[in-house]
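Structure, as structure tokens:
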């Protein structure tokens, strides 16, 4: 008797499913719906977890080493038995080799013959989660640097400056702990912690921190002797620093960065920052921590060298300006097509302001606002910023929110100028056709009117991902054509005079 056509189709379907099962680029587990024991596993889940298929079979899913939360898994299994479907987002797992991954975990139940089974689809989303985490970290660190510059402006002693810096790093930066110690002049003296946050004083009493101590040749000593930053992304298993490892194990800390604070060409202080996760202290975060250490060093130099409060304020303002420039460059790294844009806009706006005869104080404020006018773009996805084609309506709406996002970042910073409001208004237009609030005429600050013209000139004359540079002549025609309707007449006249009569060049 020949097999029926339906029998052939069933065999073919089963073979097709088996091929998909074996070659899938997602992990797949098949469980007994009544017991949660693993009946089958595909090669990808073996590769992802580090366990062989033989090690996975006949195990309860919550017995697997890579899924740590036993109680939560048992609860989810009960939910799955009731509902027939359950989903995890960003589930952390740990491989047999101890590596951490993040997965999307989707389970549903169905019948195979008369038996009910559960299929678990497990997708590795580690790269996506890591990128999201990095963007979030950078966004937080921008806030930290701005907060720390507030501290630089307001604190008047070295001790209070450093104490407040540690507080900001832990309270605003989300780090587990931070401390700063003074490096002794004599190498056999103890390193003296002068500020710490998230750490008990007993830690330092027990540590006996002496860079000549034979037991202590770890990260702090290395940073002091080399004048360089040292990082351990897995301090709990770092054999090079026994004391830090012991402390990390006790307090569940996973990563640490040690940054020298160099003043007068000497390492006079050490900044130590701890993370709550392995590999939390990325290269980008460490770069910002080094910038922060440089700012602390500058603040210390100023506080120690100048008794005159006015001179002190002027020098700290210089530090604030340099740090804001550093933040601006970090923003532009996310959008390579506009690299240097904020700096060029600041140069042009400063020249326009001088041509208009504004005060030195007002010009400084305008320049500072220009340097960070696109800081709100840290909240815009990188793929939108660098998209080569035309933006969709939804993408354009996201772009249009960056002035408000910039205002949110800057609004609580105590600047001597209305920086946040200037940034908020830089895409408004005199006739009310701008965004995000549709302001018009005298509702728009003079500083914002200057910024908007400088922004348009540089944007049109520069290359963008969606078009080549249009050139300076077309940019000047744009502001001339709309003088008095979109753009302030005095600002346009000053700008035209710069380029036509004084041969100003964008640089």
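The sole residue among 407, 417 that is touching a helix residue (DSSP H, G or I) at 6+ places or on another chain (Cβ under 9 Å), closer than 30 Å to residue 168 by Cα and in contact (Cβ under 8 Å) with a residue 40 or more places away in the chain is 417. Residues being assigned by TED's automatic domain parsing to the domain that holds residue 261, part of a helix (DSSP H, G or I), exposed (fewer than 13 other Cβ atoms within 10 Å of the Cβ) and out of contact with any strand residue (DSSP E or B) (no Cβ under 8 Å at 6 or more places or on another chain) are represented in region 133-141 by at least one member. Comparison of 337, 278 shows that the only residue that is modelled with pLDDT under 85 and within 21 Å of residue 258 (Cβ to Cβ) is 278.
Among the residues that make up region 89-98, is at least one of them part of a helix (DSSP H, G or I) and either under 30 Å from residue 44 (Cα atoms) or modelled with pLDDT under 80 (or both)?
Let us first name the residues in region 89-98 that are part of a helix (DSSP H, G or I), namely none.
No, because not a single residue in region 89-98 is part of a helix (DSSP H, G or I) and either under 30 Å from residue 44 (Cα atoms) or modelled with pLDDT under 80 (or both).
Looking at region 146-159, is at least one residue in a helix (DSSP H, G or I) and touching a strand residue (DSSP E or B) at 6+ places or on another chain (Cβ under 9 Å)? Please lay out each step first, then the result.
Quick first cut of region 146-159, residues in a helix (DSSP H, G or I) only: 146-154, 158-159.
Now narrow it down to the ones that are touching a strand residue (DSSP E or B) at 6+ places or on another chain (Cβ under 9 Å): 158-159.
Yes, region 146-159 contains at least one residue that is in a helix (DSSP H, G or I) and touching a strand residue (DSSP E or B) at 6+ places or on another chain (Cβ under 9 Å).
Residues in region 348-367 that are without any contact (Cβ under 8 Å) to a residue 60 or more places away in the chain and buried (at least 23 other Cβ atoms within 10 Å of the Cβ): there are none. Per the listing 459, 469, 494, the residue uniquely buried (at least 18 other Cβ atoms within 10 Å of the Cβ) and assigned by TED's automatic domain parsing to the domain that holds residue 389 is 494. Among the residues of region 26-58, the ones that are part of a loop (DSSP other than H, G, I, E, B) and at pLDDT 85 or above come to 7 in all.
The values are calculated or read from the model by the stated rules, or taken from the named source; none is laboratory data. These numbers were taken from a predicted model, which means no experiment stands behind them. Cβ sites come from the backbone with ideal geometry, for glycine too, and all protein chains shown count toward neighbours.
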